[in-house]
1. Based on the mean of other Cβ atoms within 10 Å per residue, sort peptides 341-351, 410-420 so the most packed one is first.
2. Take the Cβ-Cβ distance between VAL269 and SER377 as r, set R0 to 41 Å, and report the resulting FRET efficiency rounded to the nearest 0.05.
3. Is there a quick way to get the dipole size of region 195-424? I mean about its Cα centre, with the Cβ of Lys and Arg at +1 and of Asp and Glu at -1; what is the value in debye to the nearest 20?
4. With the cut-off at 26 Å, tell me which of the pairs LYS134/LYS185; LYS216/LYS292; LYS101/LYS134; LYS101/LYS146; LYS101/LYS151; LYS109/LYS147 have Cα atoms farther apart than that.
5. For a quick check: with amide H placed at 1.01 Å from N, whose amide H comes under 5 Å from SER125's, ignoring anything fewer than 5 positions away on the same chain?
6. On full extension of the chain, what length is gained from MET335 through ASP209, given 0.36 nm per residue of separation minus the C-alpha to C-alpha distance?
7. Cβ neighbours within 10 Å, averaged per peptide: list 173-179, 353-359 in order, most packed at the top.
8. What distance in nm separates the simple spin-label points at GLN166 and ASP148, each placed 7 Å from Cα in the Cβ direction?
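All of the numbers you see were taken from the coordinates with simple rules; none came from a lab. Just so it is clear, the structure is predicted and the values come from calculations on it, not from any experiment. Backbone-built Cβ (ideal geometry, glycine too); neighbour counts: all protein chains shown.
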Amino acid sequence: MTSAQSLQEETQRLKRAVEELSILNDLARAIGSTLNLEEIMQTIIRRSLRAVQAEQGVITLVDKKNSEPTKTLVRAMVSSSDHVEFHLHQALLGWMHLNMKPLLVDNPKQDERFRGVRWDESVNSLLCVPLLVKSELRGVLTVYNKKDVNKFNADDQRLLAIIAAQSAQVIENARLYDEEKHYLKMQEEVRLAAKIQMDLLPNEMPKLDAYEIVGKTIPAQTVGGDYFDFIRVDGDRLAICLGDVTGKGLPASLLMANLQATLRGQTLVAREPRECLTRSNKLLYESTSPEKFATLFYGILDNKRHAMSFSNAGHDHPFLISADGSVKRLGTGGMMLGAFDSFSFEDENVLIQPADMLVIYSDGIPEAMNTSGEQYSEERLTKFLVEHRNLTPNGLLESLVREVREYAGAQPQSDDMTIVIIKRAP
């Protein structure tokens, strides 16, 4: 080789190096000016197409934490031709997960590494490079069909690999930024849902002659599935409800709102608890999926007769505690609401004597666990209520919540806790 030829080759290498540096510099400026994931990926693809003279490019992002590591998380495509959009074949994505290095395929249909794979007729060649972040595959950049019927070469592969290496962290940062925005939006939606849910609950306790009534719910999550309500039937009668729907979080809160609306409507037309629950059960069954149901205690307190008629739809049996410490459990009723299309409930009447106290609660109270996995239990609850029966309803409610939390200790609350306490004056 003559010195002139050597000089010419060196000049070509230097020219190519300058062009590559210019491409990388322009790309760095373009993708560094935004955190919009779609814009960043589109820019990277367009610059890659120009850099290696390809017809079409695709970036496919994958979720490393997903149980299906080859599942596409995000996809972007740019084409400079009239060909249909090419999708990164699962076989290519699987190969990249295993090898995590650049892949050049000159003749996909004849490539032994992908025997049996059906390629689009328009795909003549492709170049595929990994997008790695801390040695983990976050995505794949693929370009198809070198223009002018040429094949991709080693220089194209090296340049595309450099583009991928420079772009991977920028793409990852933009993806994380998108996730954070989505998470913050979800947080705001949950906050609004929690506010709406709390607004559905009584904002003040009802006033009845000779009775003191208090109620409180403590969701395990921002929103919950427990529900309590007081519905004025007429001048002397007050309907009292406490329910617990299946699940937790937003799905449970939506079912809770449905249950509240159903009960409020049926309370106005059904005079007896059994009639109200029979109708509500059918309506709830027809408006929810089979796995959704609710337990509920529903009672109507007659302030004039000092009696309560009630029906219990599969709920924890409330305690009716007398002044002398004797306890009656209120369990008459039937199955949980929404489990069966048609079910006839029973009801019962009990007298409320002077100083009697009725405690209605959800299972988040007795099922609260300590760090050893032991539940607070109904036995402890019964003992606590009897021993503290002389407290005011509000005092008993706050003492019970404190008692359960102290029992749980550092163990997080696993279920919603709701309590309604009604006490007749001595």
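1. The packing order, highest mean first, is 410-420, 341-351.
2. That pair, VAL269 with SER377, gives E of 0.55.
3. Computed about the Cα centre, the dipole is about 440 debye.
4. LYS134/LYS185
5. Counting only residues 5 or more places away or on other chains, the set is ASN145, LYS146.
6. Contour length minus Cα-Cα distance gives 42.0 nm.
7. Descending mean neighbour count gives 353-359, 173-179.
8. Each label point is offset 7 Å from its Cα along the Cβ direction, giving 2.3 nm.
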